[in-house]
1. Among 23, 111, 46, pick out the residue whose Cα is farthest towards the positive end of the charge dipole of the range 7-118, where Lys and Arg carry +1 and Asp and Glu carry -1 on C-beta, about the Cα centre.
2. How far, in nm, would the chain grow between residue 51 and residue 97 when pulled straight, counting 0.36 nm per residue and subtracting the alpha carbon separation?
3. I need the calculated FRET efficiency for the pair residue 23 and residue 77, taking r as the beta carbon distance and R₀ as 35 Å, to the nearest 0.05.
4. Can you pull out the GluC sites (Glu not before Pro) in the range 33-67 whose DSSP state is coil and whose Cβ has at most 15 other Cβ atoms within 10 Å?
5. If you take the Cα atoms of the range 7-118, find Rg, then find the Kirkwood Rh from the mean of 1/r over all pairs, what is Rg/Rh?
6. Exposure proxy check: 92, 50, 78, 41 ranked by fewest other beta carbons within 10 Å?
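Each value in this text was obtained by applying a stated rule to the coordinates, not by laboratory testing. Only a predicted model underlies this, so the values are computations on that prediction, with no experimental measurement involved. Glycine also receives a Cβ, built like all others from the backbone with ideal geometry; neighbour counts cover every protein chain displayed.
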Amino acid sequence: MPRAQAAFRFHPSAIQGEGGKLMGMHAANEGFVRAFARHADVERHYCIVDERSHGESFARLVQAERPQAKVRAIDRRDEGAIAEPGCGFWMDPQIARPLWRRRAIGPRSYSICGLTHTVSSASCSSGGCPITPRQIPSRCTSRWSARRGRPAGAST
């Protein structure tokens, strides 16, 4: 049986190290990647990057926890390559765009998951638009959303 695996959408500014901002979500992102590197029983660690240098930063982060780890950087424009690990993992709540991009190769080609933080920017917590029609809730159950005037069914 194949092991569970994920490709982390990675940008060096999303972590605390290498000049990243010292904020809670940056420390959480870095801690999550380090913990995965340390404890995941995988043959290879994957990242989804904009530039080759970002893959090198991810490799340094992973190899600080597991020096012999193999790392593969996937160019973010190569949607089909994300199917190899089987899951794209976004370290922020903005996963609508990759969901729509994945449609070009098929919604079952790989899964997408994400990590939300309790401290999110205004754009992350503004409700935004639904990701897919099936993900629109029938009614708003969040008091927080209701107090901010979001329409029933708005994403929270």
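1. Of the listed residues, the answer is 111.
2. That pair, residue 51 and residue 97, stretches by 14.7 nm at full extension.
3. Working from the Cβ atoms, E equals 0.80.
4. 43, 51
5. The Rg/Rh ratio comes out at 0.95.
6. By the 10 Å Cβ count, ascending: 41, 78, 50, 92.
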